[in-house]
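Notes follow the structure.
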């Protein structure tokens, strides 16, 4: 008799993350009084990994590629963290790093920084903050494009001089491979990477908005539910109830993380590393590193 019941996972090297050390550790989110302190509360490593997860899965067999994706997602996360009040549209621009200049027409106290106490704690603001982050995509790309481009050019052993513009990247590729490579192929490859960068900005922004909601609602999220809910923002399997698993080697050491779909099918295993006692948060942060 046929049934629609999920097929159980039979892989002895896959351990349900619910049972892994640290899966239910609380993240120390504490709602501060000042928006400028919010960035210090968020789990930026989790946001970077969850934001890049779908791309890490797509290239899980290529160590150099996954390392590049992980690094690029972290660059995006760091850029959002440096100027978070402005990015979520609650205050003026006050970038923390020398590479992010003060934007024109924005004064330090005009408009004033919104008081965090004006945000009710019993309402959902995920959409409210995800939208400003989405609308800031072009700005984040403007601030990070040259750095991101140099990272994915380095995947092919190519160093980009100058400001790392698209034109310089294309020129460097032609210099590296010579006239034998088709110019249209170069343009297509560069355009694919730039599209990927844009998606990373949007996906990491969604993760940040999710965490801001938890903070404003004074929730105390634990590691596993935060990761699985974060993945559900961009992965249909996760939204339908896929469960995170840890892959271990013969000695019980963790070597990867993967989602197992609601119907029992394991998805791609993302490389991580640790010891049997390494907690889940650390394993997530180590993905692709």
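The values are calculated or read from the model by the stated rules, or taken from the named source; none is laboratory data. Being a predicted model, the structure only gives us computed values, none of them experimental. All Cβ positions, even for glycine, are placed from backbone atoms using ideal geometry, and neighbour counts span all protein chains on display.
A count restricted to region 188-232 and to residues that are touching a strand residue (DSSP E or B) at 6+ places or on another chain (Cβ under 6 Å) and exposed (fewer than 14 other Cβ atoms within 10 Å of the Cβ) stands at 1.
Across region 39-62, the qualifying residues are those that are within 18 Å of the chain's Cα centre (by Cα) and in a loop (DSSP other than H, G, I, E, B), and the one among them that is surrounded by the most Cβ atoms within 10 Å (Cβ to Cβ) is 43.
Scanning region 255-277 for residues that are under 21 Å from residue 73 (Cβ atoms) and in contact (Cβ under 8 Å) with a residue 60 or more places away in the chain gives 257, 258, 267, 268, 269, 270, 271.
Of the listed requirements (1) in contact with a strand residue (DSSP E or B) (Cβ under 9 Å, 6 or more places away or on another chain); (2) within 19 Å of residue 67 (Cα to Cα); (3) modelled with pLDDT of 90 or more, residue 288 misses just one: (3).
Checking every residue in region 234-242 against the condition of being surrounded by fewer than 19 Cβ atoms within 10 Å (Cβ to Cβ) and either modelled with pLDDT of 95 or more or under 23 Å from residue 12 (Cβ atoms) (or both) gives at least one match. Within region 201-259, the set of residues being in a strand (DSSP E or B) and closer than 18 Å to residue 57 by Cα comprises 243, 244, 245, 246, 247, 248, 254, 255, 256, 257, 258, 259. Here residue 78 fulfils each of the conditions (1) assigned by TED's automatic domain parsing to the domain that holds residue 146; (2) in contact with a helix residue (DSSP H, G or I) (Cβ under 7 Å, 6 or more places away or on another chain); (3) modelled with pLDDT of 90 or more; (4) part of a helix (DSSP H, G or I) apart from (2).
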